[in-house]
Amino acid sequence: MTYEIASILEKEANAVRNIPVSSNYEEAVNLIVEYVHARGGKLVTSGMGKAGQIAMNIATTFSSTGTPAFFLHPSEAQHGDLGIVRPNDIMLLISNSGKTRELVELVSLTRGLVPEMKFIVITGNPESELAREATVCLPTGAPAEVCPLGLTPTTSTTVMTVIGDILVVSTMKRIGFTNSDYAKRHHGGYLGSKSREQSQKE
C-alpha cells in the first residue's frame, strides 16, 4: 500500500514537472491584466464536470486576489446566464479533451453576443477544436490519469489546478496585490486575521 501511494505521488509530481512552459503564460496574464484591470471587465471561467469544478476554484481564487472573476456554467449559459458576459470581459475555458461540446457551443454563443471576445484555453489537446478557437492555448501536457481505469479525471485536474495557480500568482505580481488588498476582500477566518496582521508590517 505504501509503495502504491508513493507511485501515485510520483506520477502526479511528474505530471506537474512536465507541464509545457512557454511565453503563452505571459500572453495570458497580459490579456487578463488588460481586460480586467485596464478595461474594467472581469474574467469569466467555464468548464464541464471536474474541469468545471477547477474553473470555479480558479474564479474564486482570482476574485480573492484582486481580479474580479465569475464562473459561468456552460449549460446554464444556454439558458440565459450568458447575459453575464460583457464586451470588456475575457474568458478562460478548461477542457482536457478540448472537444467538450458545451464549451465549443459556448464559444460560438459568446461570439454571437461579444464577437471580439478573447479566449484563454487550458487543455490536454492543443490540436483540438477548442484549442483552435483560443486566443491563447495553455497545454497541460496530457498526462495519463493515475486512475486505474485511466478514465477518471485525477492527474489531469491536478495539472489544471497548477496552471490556474500560475495564472493567479503571476497576475497578483503584475498588479502589485498586497496584504492590505487581501484583507479588504477576506475579512473572516484565519486568513483574514493573518492578512490584516501582515498588512500592518507593510
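For the reader, a short list of remarks on this structure follows.
- Restricting the first member to the range 102-113 and to residues that are open to solvent by 60 Å² or more (accessible area, probe 1.4 Å), and the second to residues that are among the aliphatic types (A, V, I, L, M), the beta-carbon pairs closer than 8 Å and six or more apart or on different chains are LEU109/ALA77; LEU109/LEU82; ARG111/MET117; LEU113/LEU82; LEU113/VAL85.
- Residue in the range 77-92 that is touching an Asp or Glu at 6+ places or on another chain (Cβ under 9 Å), surrounded by 18 or more Cβ atoms within 10 Å (Cβ to Cβ) and polar (S, T, N, Q) present: no
- Checked against (1) within 22 Å of GLU76 (Cα to Cα); (2) touching a strand residue (DSSP E or B) at 6+ places or on another chain (Cβ under 8 Å), LYS99 passes all but condition (2).
- Residue ranges of helices (runs of 4 or more DSSP H) in the range 111-202 with at least 3 members among the aliphatic types (A, V, I, L, M), under 28 Å from ASN24 (Cβ atoms) and out of contact with any helix residue (DSSP H, G or I) (no Cβ under 7 Å at 6 or more places or on another chain): 155-175
- Restricting attention to the range 138-184, the residues being within 11 Å of the chain's Cα centre (by Cα) and open to solvent by 50 Å² or more (accessible area, probe 1.4 Å) number 2.
- Scoring VAL36 on the criteria (1) more than 16 Å from THR140 (Cβ to Cβ); (2) modelled with pLDDT of 95 or more; (3) more than 16 Å from the chain's Cα centre (by Cα) leaves a single failure, condition (3).
- Test set (1) small (Gly, Ala, Ser); (2) closer than 16 Å to GLY124 by Cβ; (3) in contact (Cβ under 8 Å) with a residue 60 or more places away in the chain - SER46 fails condition number: (2)
- Qualifying residue in the range 121-129 (condition: over 20 Å from the mean Cα position of the chain (by Cα) and either more than 26 Å from VAL36 (Cβ to Cβ) or open to solvent by 60 Å² or more (accessible area, probe 1.4 Å) (or both)): no
- Selection status of ALA134, open to solvent by less than 50 Å² (accessible area, probe 1.4 Å), small (Gly, Ala, Ser) and more than 19 Å from the chain's Cα centre (by Cα): no
- Selected residue (criterion: nearest to GLN78 (Cα to Cα)) from residues of the range 13-61 that are surrounded by fewer than 16 Cβ atoms within 10 Å (Cβ to Cβ) and of a type in the set (Lys, Arg): ARG39
- The lone criterion from (1) among the charged types (D, E, K, R); (2) open to solvent by 40 Å² or more (accessible area, probe 1.4 Å); (3) under 19 Å from ALA13 (Cα atoms) left unmet by GLU197 is number (3).
The values are calculated or read from the model by the stated rules, or taken from the named source; none is laboratory data. Computed from a predicted structure; not experimentally measured. Neighbour counts are summed over all protein chains in view; Cβ atoms, including those assigned to glycine, are modelled from backbone coordinates with ideal geometry. For accessibility, only protein heavy atoms count, side chains too; no ligands or nucleic acids. Shrake-Rupley method; radii C 1.70, N 1.55, O 1.52, S 1.80 Å.
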